[in-house]
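Have a look at the structure below before the remarks.
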Amino acid sequence: MTCAWPPDYLEILEWQWNERAIPYWTEEAAFARETGLNKVAFEAHPGFLVYNPETALRMREAAGPEIGVNFDPSHFLWQGIDPIEAVRVLGRAGAIFHVHAKDVYLDRANIRINGVLDTKHYGNFSERSWSFRSVGYGQDDKFWRDFVSALRTAGYDGVLSIEHEDGLASVGEGLGKAVEVLQRVLLKEQPGEMWWA
């Protein structure tokens, strides 16, 4: 449920959280803890119960610190969420476990007409409000520099896993273009001593 009206929606949503999701994931987090697994990552995505930082943190608070996110900036961008702010919030909670490098193109003309909720087939690029793209084909280098800097500031310096879902590029070319952008923007070395401070 992603809408507060009619009132049945809120009742269904609370039922999903309290009767199904929280009991299930609390049990799974306990199982993970018992078996030595300390990270179970949700990929926050619209249409799922966990789709934004608030819902991810709600699940983590209810089920335990083993619950975190596989952070995909494209999913946040097309919802209108600022991924940099989302990194800050989730990073403060220690809830970023993995990161996808995937971009999204936002078609502003189609958004002005139909908003960002879009169920058209992914291949219908000219009519969709947004489309997944290779890194650099939705957001510019400045965004990606800010994103990797925010991740490092938040304490995440792990893998950025390129996820290819770009219907306008072949797998090889899409991957290659994503690598080119990430090579320009990634901070590869650990910071040195702050000799100037």
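The values are calculated or read from the model by the stated rules, or taken from the named source; none is laboratory data. As the structure is a computational prediction, the values presented were derived from the model and not from experiment. Neighbour counts run over all protein chains shown; Cβ positions are idealised from the backbone, glycine included. In case anyone asks, the SASA skips ligands and DNA or RNA and just uses the protein heavy atoms, side chains included. Shrake-Rupley method; radii C 1.70, N 1.55, O 1.52, S 1.80 Å.
Worth a mention:
- Within region 75-105, tally of residues that are aliphatic (A, V, I, L, M) and over 22 Å from PRO65 (Cβ atoms): 5
- Options ALA150, ALA93, ALA154, ALA86; residue that is under 27 Å from GLU28 (Cβ atoms) and touching a residue at least 40 places away in the same chain (Cβ under 8 Å): ALA154
- The set of residues from region 158-197 being charged (D, E, K, R) and part of a loop (DSSP other than H, G, I, E, B) comprises GLU163, GLU165, ASP166, LYS188, GLU189, GLU193.
- From LYS142, LYS102, LYS177, LYS188, residue being without any contact (Cβ under 8 Å) to a residue 60 or more places away in the chain and open to solvent by less than 90 Å² (accessible area, probe 1.4 Å): LYS177
- Filtered by the rule that a residue be open to solvent by less than 20 Å² (accessible area, probe 1.4 Å) and among the aliphatic types (A, V, I, L, M), region 73-87 gives ALA86, VAL87.
- Residue selected from region 1-48 under the condition among the aliphatic types (A, V, I, L, M), surrounded by 11 or more Cβ atoms within 10 Å (Cβ to Cβ) and not in a helix (DSSP H, G or I), by the criterion modelled with the lowest pLDDT: MET1
- Of the residues in region 87-99, none is out of contact with any helix residue (DSSP H, G or I) (no Cβ under 7 Å at 6 or more places or on another chain) and of a type in the set (A, V, I, L, M).
- Unique match (being over 27 Å from VAL171 (Cα atoms) and either touching a residue at least 40 places away in the same chain (Cβ under 8 Å) or surrounded by 19 or more Cβ atoms within 10 Å (Cβ to Cβ) (or both)) among GLU54, GLU61, GLU66: GLU66
- When residues of region 124-134 are limited to those that are touching a residue at least 24 places away in the same chain (Cβ under 8 Å) and open to solvent by less than 50 Å² (accessible area, probe 1.4 Å), the one nearest to GLU180 (Cα to Cα): SER134
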